[in-house]
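Everything on this sheet refers to the single structure shown next.
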Amino acid sequence: MLRSLLFIPGNSPSMLQNADVLGADAYIIDLEDAVSPKEKDAARLLVINAIKALDFDKNKTIVRVNPLHTEDCTVDIQAIVPLAPAFIMPTKVSCAEDIIKISELIELIEEKSKLEIGRTKLIPLIETAEGIENAYHIANSSDRIAALFLGAEDLTSDMQAIRTKQGNEIAYARSRIVTAARACNIEAIDTPFTDAHDYEGLIEDARIARSLGFTGKASISPHHVEGINKAFTPTYEEINYAKNVIEAIEEGKRLGKGAVSLGGKMIDRPIVLRAQKLLNVAKQLGMEN
Amino acid sequence: MDKILPNIRESILKSGLKDGMTISFHHHLRNGDYVLNMVMREIAALKIKNLTIQASALFDCHYELIEHIKSGVVSHIETNYMSGRIASAISHGILKNPVIFRSHGGRPAAIKSGRVHIDVAFLAAPAADKMGNSNGSLGKSACGSLGYAIPDSECAEKVIIITNTLLPYPLFPASIKESNVDYVVKVDAIGNPEGIVSGTTRITRDPIALKIAEYAAKLIKYSGLLKNGFSFQTGAGGASLAVTRYLKPIMKELEVKGSFGLGGITKYLVDMLNEGYFEALQDVQCFDLQAVSSIRDNPKHIEISATEYSSPLSKSRATSSLDVVVLGATQIDTDFNVNVHTDSFGIITGGSGGHSDTAEDSKLSIIVAPLFRARLPLIVDKVQCISTLGAHIDALVTQRGIAINPKRQELYEILKDAALPVMPIEELKKITEKYTGIPDKISPIEKCVAEVESRHGKIIDCIFAVE
């Protein structure tokens, strides 16, 4: 499950030591924006040793590397991939070629490190206007792509848009990211809500993201994790409805009915698929009973 | 008639203070206190020597005591808490004889029983009248409750009130009564308001502390004690105070109405009183301006003396009606003994205060602390100093798990089924050591610089000097 993805600054020993107790479904260890240019080497060393020494769940570990065009990006990938985190998050990804290039580099390192080729998955950060327009091609560019992640702060700067809490300026980008991801059968991760003190604003922002189809949402504040998890967790009402849908469909099959209704409404294929997906999520969260 | 004297020197002379006597002070003005230093300067000028300081607590602002020790004015100290430069100097062996550390309940018990005899009590009062009726609620240096000063006022041979605010007689309500007061001295200032109380106590935003607090609140929820009539005390720092944030919604959900909040009182307990979560607050010390306003204005916010708070010699005491207390720790060992007197290097940084009193009396005592601070582990084989006996601690809550004292097997059984990460303290220790390694043993100098006395009068540990 990727409901909540918490950013952990790569230069903060105390946050790294406690990353796994903060309740997030995954943690994004950040070598990019959280680390000043002068501290890149030190942070990289710290992250390498943290991953080696601490009991990180590798399946929950995402490392955000420096932008593709920088020398730090190559050094980051060479240092991190051999440690076998489940995910690398390339930044400022604008086109499919970016992914192809980085995948080639990762493949070389996997081979050299005797890791299974293709095991390192990617969650590209889409944060440019060009990236948004190329979202489908990016999502479709490699089997390594596990999810698309929308980065609204850099994007709105690139778009020369005014960033607001309401988020009308990113409505198109959000929809395009979700559509591209779903078209390629991968997950879609929403941008963080950056006001750490506005919990109600976070809840509303997460509600919008879930309603648009996002799988989860990133956070720069540990205080937002619980709210995000709640927003992206199916309610028991939704789970019960999904169960009723599946039961009604199975009952219809047994009775040889062509069309099945529930509560006076016709149940068609999309409703069944939605119910199945929701029950699958509930199962992963141990909520199916 | 009045009891007003022109200055502190005159009051010292009138009190008959002589070499070798014991003088007392309270710590309600905390790190903003001017009174102890003002009195000691006059005593030093009068060349009185070999005094015992009997202070409910000493802070960094009292560093001038170091010079008075060096010059022989002060030869002995007894207190409940000590921090800053004076604590460091004691740790380095500046005094010939050990400091006696007591608890907030042990001190009034020792005073009332006569084991401790106070010759002259110099009591700072934010407001007083000409006959010595005094309180902490009024005046520009208001600190709220004067709970720790009350036993001194009742038992000292001579009681001198030092105030910066003289109000018309009779001052009411009076925490310290005129019948116990010998002299009153008005000075320009008794303390620095910024050091006396904080403007507003704030709950930490440290995510680790909040995680610990959340677990602690859940532990209280499942303990069986969270029902109508519930009573509660928590410290004012870190994860301890944050427990109130998580406890409030649980009390709301379960529709629990508490009987009283106790202790050092903060804004958060005041809010809970005002919102109907508790019927009353029993207050021996105010920690912030909201608590000071509340004790002045709200009749349900009650001042209590240290004797009423936790003296074991009282026929009953507030702590003996306490359901749950949440406390901090510098170190805890695998026998659940807790150190709040020294840091991990053995240097004195604090004291029990009400820690051991509330732990012993409450139905459930919870230690909340992160598993490590910087690279220093919380859980050790043997604490540097036993402040509170492990027999009186019921649970340790950390960010990675909860350890229940084996003597509370029934609590362990309840929590096992409550989806909380309960594990043996030894396992938590192992987890910690994966991060910190095992620290080298400290080799203290074989000189006892302080003795920790339980509130029943027994020495339970000794603090050794450091290099």
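Amide H contacts under 5 Å for A:GLU187: A:ALA147, A:LEU148, restricted to partners 5 or more places along the chain or on a different chain, H placed in the peptide plane at 1.01 Å from N.
Sorted ascending by nearby beta carbons within 10 Å, beginning with the fewest, A:ILE80, B:ILE445 become B:ILE445, A:ILE80. From the alpha carbon centroid of segment A:215-279 to that of segment A:107-171 is 28 Å. The amide H of B:SER24, built 1.01 Å from its N in the peptide plane, has B:GLN54, B:VAL120, B:ALA121, B:PHE122 as neighbours under 5 Å, considering only residues 5 or more places off or on other chains. Charged side chains reduced to their Cβ positions (Lys and Arg at +1, Asp and Glu at -1) give the protein assembly as shown a dipole of some 1140 debye around its Cα centre. Applying the criteria of a DSSP loop state and at most 15 other Cβ atoms within 10 Å to the trypsin sites (Lys or Arg not before Pro) of segment A:220-272 yields A:LYS257. Footprinting exposure proxy ranking of B:THR79, B:THR388, fewest other C-beta atoms within 10 angstrom first, gives B:THR79, B:THR388. Taking every C-alpha pair closer than 8 Å and separated by at least 6 residues, the mean separation divided by the residue count of chain A gives a relative contact order of 15 percent.
Taking other Cβ atoms within 10 Å as a rough exposure proxy, B:HIS28, A:HIS223, B:HIS392, B:HIS355 sort from fewest to most as A:HIS223, B:HIS392, B:HIS355, B:HIS28.
Inter-chain Cβ neighbour count for B:372-383, averaged per residue, equals 1 (cutoff 10 Å, partner chain atoms only).
Taking amide H positions as modeled 1.01 Å from N, with prolines and chain starts lacking one, the residues under 5 Å from B:GLY258 and 5 or more places away or on another chain are B:GLY229, B:PHE278, B:GLU279. Along segment B:225-231 the Karplus relation, 6.51 cos²θ - 1.76 cosθ + 1.60 evaluated at θ = phi - 60°, assigns HN-Hα couplings of 8, 7, 9, 3, x, 3, 10 Hz to successive residues, with x for each Gly and Pro.
Between A:GLU153, A:GLU251, A:GLU226, the GNM of chain A built on Cα springs shorter than 10 angstrom shows A:GLU251 fluctuating the most. Given 10 °C and 1.306 mPa s, compute D for segment A:4-231 with the Stokes-Einstein relation, Rh being the Kirkwood radius over Cα pairs; round to the nearest whole µm²/s. Rounded, D is 91 µm²/s. Please label the shape of chain B as rounded, prolate or oblate, based on the square roots a ≥ b ≥ c of the eigenvalues of the alpha-carbon gyration tensor (a/c under 1.5 means rounded; beyond that, a/b larger than b/c means prolate, else oblate). Oblate. Mind listing which GluC sites (Glu not before Pro) in segment A:42-122 are in a DSSP loop and have 10 or fewer other Cβ atoms within 10 Å? Here the GluC sites (Glu not before Pro) that fit, given the DSSP loop and packing criteria, are A:GLU116. For the residues A:PHE149, A:PHE56, A:PHE232, a GNM of chain A with alpha-carbon springs under 10 Å puts the largest fluctuation on A:PHE56.
Using a ≥ b ≥ c from the Cα gyration tensor of segment B:215-332 (square roots of the eigenvalues), is it rounded, prolate or oblate, where a/c under 1.5 gives rounded and otherwise the larger of a/b and b/c decides, a/b for prolate? Rounded.
Helix B:35-45 and the longest principal axis of the C-alpha atoms of chain B enclose an angle of approximately 50°.
Structural descriptor for segment B:207-440: relative contact order 18 percent, calculated from alpha carbon pairs under 8 angstrom and at least 6 residues apart. Per-residue Karplus couplings for segment B:152-161, computed as 6.51 cos²θ - 1.76 cosθ + 1.60 with θ equal to phi - 60°, are listed in order as 4, 5, 7, 10, 5, 4, 10, 10, 10, 8 Hz, Gly and Pro entered as x.
Computed from backbone phi with θ = phi - 60° and the Karplus coefficients 6.51, -1.76 and 1.60, the 3J(HN,Hα) list for segment A:255-263 is 8, x, 7, x, 10, 10, 10, 9, x Hz; x is used for glycine and proline. In terms of distances greater than 32 angstrom between alpha carbons, the cross-link table entries A:LYS38/A:LYS60; B:LYS14/B:LYS447; A:LYS58/B:LYS441; B:LYS47/B:LYS447 yield B:LYS14/B:LYS447; A:LYS58/B:LYS441. Taking a ≥ b ≥ c as the square roots of the eigenvalues of the alpha-carbon gyration tensor, segment B:204-281 is classed oblate because a/c is 1.5 or more while a/b is no larger than b/c. Measuring nothing but how far apart in sequence close Cα pairs (under 8 Å, 6+ apart) lie, relative to its length, chain B scores a relative contact order of 16 percent.
What residue among A:GLY201, A:GLY213, A:GLY256 shows peak mean-square fluctuation when chain A is described by a Gaussian network model with Cα springs under 10 Å? Maximum fluctuation in the GNM of chain A, among the listed residues, is at A:GLY256.
Bear in mind these aren't lab numbers, they're just calculated from the coordinates by the rules spelled out. Fair warning: this is a prediction, and the values are worked out from it, not measured in the lab. Note: ideal-geometry Cβ built from the backbone for every residue, glycine included; neighbour counts use all protein chains shown.
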